[in-house]
1. Look at A:SER40 and say whether it is modelled with pLDDT of 95 or more and either open to solvent by less than 50 Å² (accessible area, probe 1.4 Å) or within 14 Å of chain B (Cβ to nearest Cβ) (or both).
2. Which of the residues that make up the stretch A:209-232 are out of contact with any Cys (no Cβ under 9 Å at 6 or more places or on another chain), within 14 Å of A:ILE295 (Cβ to Cβ) and modelled with pLDDT of 95 or more?
3. Can you tell me which residue in the stretch B:244-281 is nearest to the other protein chains (Cβ to nearest Cβ), limited to those that are surrounded by 17 or more Cβ atoms within 10 Å (Cβ to Cβ), out of contact with any strand residue (DSSP E or B) (no Cβ under 8 Å at 6 or more places or on another chain) and within 18 Å of B:LYS314 (Cα to Cα)?
4. Only one of (1) more than 14 Å from chain A (Cβ to nearest Cβ); (2) open to solvent by less than 40 Å² (accessible area, probe 1.4 Å) fails for B:GLY412. Which number is that?
5. Just to verify a result, which residue in the stretch A:26-48, among those that are in a loop (DSSP other than H, G, I, E, B) and in contact (Cβ under 8 Å) with a residue 60 or more places away in the chain, is farthest from A:ASP134 (Cα to Cα)?
6. How many residues does the stretch A:1-16 contain that are surrounded by 13 or more Cβ atoms within 10 Å (Cβ to Cβ), without any contact (Cβ under 8 Å) to a residue 40 or more places away in the chain and either touching a Cys at 6+ places or on another chain (Cβ under 8 Å) or on the phi < 0 side of the Ramachandran plot (or both)?
7. Could you please let me know if B:VAL404 is within 13 Å of another protein chain (Cβ to nearest Cβ), hydrophobic (A, V, I, L, M, F, W, C), free of Cβ contacts under 8 Å to residues at least 40 places away in the same chain and under 27 Å from B:LYS331 (Cβ atoms)?
8. Within the stretch B:128-157, track down each residue that is facing chain A (nearest Cβ under 10 Å) and surrounded by 21 or more Cβ atoms within 10 Å (Cβ to Cβ).
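The values are calculated or read from the model by the stated rules, or taken from the named source; none is laboratory data. In this text, all values refer to a predicted model and were calculated from it rather than measured experimentally. FYI the Cβ positions are ideal-geometry reconstructions off the backbone, even for glycines, and counts take in every protein chain you see. In case anyone asks, the SASA skips ligands and DNA or RNA and just uses the protein heavy atoms, side chains included. Shrake-Rupley method; radii C 1.70, N 1.55, O 1.52, S 1.80 Å.
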Protein chains: 2
Amino acid sequence: MMVKKLKDIVGQRWVITDRERMIDYLTDETAASVKPKPASELALVKPANSKEVSGILKLANCERIPVFPRGGGTGLCGGAIPTKDGIILSLERLKGIEIDKDNLMAIAEAGVTLKELVEKVEEQGLFFPPHPGDESAQVGGLAACNAGGSRAVKYGVMRSYVKGIEAVLPTGEVLKLGGELLKNNTGYDLMHLIIGSEGTLAVITRVILRLFPRVAASATMVIPYNIRRDAINAVPEILQSGIIPLAIEYMDRISVEVSSEHLGLEWPCKTGTAYLMIIVEGQSEEDIHSQCERISRICHRHHGLEPLIGITRKEQDKILKIRSNIYSSLKRDLADTIDIAVPPASMGKLMEAIDRVAERYGTTIPMCGHAGDGNLHPALMKDLVENKRGNLKKAKREIYQETVKLGGTMTGEHGLGRIRIPDVDIFLDKKRLELMAGIKKVFDPNGILNPGCIIKCDK
Amino acid sequence: MMVKKLKDIVGQRWVITDRERMIDYLTDETAASVKPKPASELALVKPANSKEVSGILKLANCERIPVFPRGGGTGLCGGAIPTKDGIILSLERLKGIEIDKDNLMAIAEAGVTLKELVEKVEEQGLFFPPHPGDESAQVGGLAACNAGGSRAVKYGVMRSYVKGIEAVLPTGEVLKLGGELLKNNTGYDLMHLIIGSEGTLAVITRVILRLFPRVAASATMVIPYNIRRDAINAVPEILQSGIIPLAIEYMDRISVEVSSEHLGLEWPCKTGTAYLMIIVEGQSEEDIHSQCERISRICHRHHGLEPLIGITRKEQDKILKIRSNIYSSLKRDLADTIDIAVPPASMGKLMEAIDRVAERYGTTIPMCGHAGDGNLHPALMKDLVENKRGNLKKAKREIYQETVKLGGTMTGEHGLGRIRIPDVDIFLDKKRLELMAGIKKVFDPNGILNPGCIIKCDK
């Protein structure tokens, strides 16, 4: 019955009920140990435009059918996994993209991937500053999840770039919020509320993104350290120096070695057990050299070893590739990855607290993260699930408690999704949860949109 | 009765009921012709901290008394004017401020003025990028109204700098949202919802603001033009050039002359009837010179006349002072100032449309605005109220309709306040107003907080 109605809206071809043909849509990149299980009765629907999205949502709202909006499926916290019988709503066919050079904006439909966006923008000689990891992510999902990434130090997260959205409410109305606008104070900012709401308040069908002129030159430095604390201590001084790097990443030796091996590459640093990777950009080669020199001097004062400086695109790409591949190379042995963030200068203390947790549970917790913005990704390994001295849940809760003590947050860039809900009480008091539930009800009176993500689902 | 209870909360001294002693609290900087009238039965209360704010709000919520939170009273749309009998809640005694150099953050209580913040930040060798006009504004109000200003081209508006807030709900609970954090995705972003809500959802008592290292050098250029369109046409090319100026302001000759005269200064440009004022900053004098030269070349191609370049602080301050004083010098003859914003490249079309409105109504509409971010402030003069061929309301509505056609918004930086509510239907459809009213209800079930601001007040 419902399937027939869905076919009337999007056409026969775009409603899939055969489980085998929807297998890729039942999962995301969450580590296996904590990944939610998909429901059994699901229909996968692929609308072509916001009008069809509206039709699907009206139908679902009328018949109280759960709807799970889905972008590239690159999430790490189960936010897109369809955990109840209902509709998987894939935005993949919304592929329109336009670059408005005069206003330095991209107008992209939800299903445009990060890769496609970057290509299109670069074709026009322009630059889209944030780069939140996996390039198969889709822009609708990037906005819905307020994705972050390593370049946030200089350029901020997705929220800073989204200037307009088109979004369909669970009740079917199409909202056009913001626009090609750099300033907008007309009433409560519904757009900023929808950004980061992980597909629970509305389905984003189009985004307007701010672009920048291309930067002339860049370099990627790797500074090795023998002692982690020295690496971390150099960071505030770099940030205060007047240089604002695109990225300041911290990586430990275990992580980069596993990743290099996985890629069949060689990690280019012979020395050190802890690394800062710093990306700088500037108006000229000279500017870049001067920045690298100043950073080298600061790092040297903090006992940094001889830095490696990648200038060519190829050299820089190799380092970045090893950095980007850490998660997927660890994944096989990973029980869960977490995404805490603290005030940047407290990163060292946070790492020490996590070392103590690791010691208590007799495990190793490799850590890498965005040292420049205080966002850390400790990797909880499978032995935590298997060993006798403790378990994953308890260790994770202890890490969260240490994070709170340092004024930190549960998730810096990945979102709550489904897997973080059980521990959210550590970070959000009753009143805040109540306000969030109230807002959810205003947007989605029947609770059909992505149930169980962000807001606890009772049924 | 209520006054006695208020005195119990904040102390005898901090409850004022004598009308003469509260006269400054009954107004703001809105133009006289459109300024709302204050109510007659008011108590002015000056709490010392968020605990006292909570006490006041609990009492008011219990007894259904309207509360009007108030910062520096520098608003331009009547948002802080107490239009119903009730309580004026001034945050002026919340004066604590701390600079966290390691994290590049300022933690400031709501009553700290912009002037005090800037001084304190500069004392520490740091920089707070946005500068939304009047320095007697208070940081709580700046966050509550998501203030903008001319430096938004490079650095964005207040929203980009607020990383944490403490806010008291109308029901009395104290929320601590965000923190010294650069990334935070833990649930719906209540902080971003409160930013720009103009004191209608919660009373902000403290803000955490991101700071930057001080920039080494800056310059302020003025480029005169004989034809406005030439000035405006140069802007997109400057923005695409790879230089990102702090500010690109447009001013017409009438405005700068009235302002210069008012200040007893001489406008330094002998030529031109239309001006771009551009502020650039950089790492060195050389960098600045090179930026100015590139901008000059672009402007020259667009028929700009000989530019004036201010390098010393004194020269730059003089130009800025004339720019900043335009509103107050025009104010005597002003009926209303508007705050529309459009995609930056449409600024020229918007101005032409406004010229046509001026012609239809037989008036002159001086215009200045933030050409780099598309935010324009046309000045509607008193003759519009007085002349026979039309009236203020009609002309304003026509300007708004032209703004909508260009994909624009009703208010870029000033907010809706009270005075824009009658025309808000041009910009916000029924569903959006319904969502906003729903959100208001979640935060403020009894509608006691700043009634009549943003959300239409039926009573």
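1. So A:SER40 does not fit the description; no.
2. Within the stretch A:209-232, A:THR220 is the sole residue that qualifies.
3. Residue satisfying both the conditions and the ranking: B:SER259.
4. (1)
5. Looking at the filtered set, the residue picked out is A:PRO36.
6. 3
7. Details: within 13 Å of another protein chain (Cβ to nearest Cβ): yes; hydrophobic (A, V, I, L, M, F, W, C): yes; free of Cβ contacts under 8 Å to residues at least 40 places away in the same chain: yes; under 27 Å from B:LYS331 (Cβ atoms): no.
When the stated conditions are applied, B:VAL404 does not pass them.
8. Residues satisfying the conditions are B:CYS145, B:ASN146, B:ALA147, B:GLY148, B:GLY149, B:ALA152, B:VAL153, B:VAL157.
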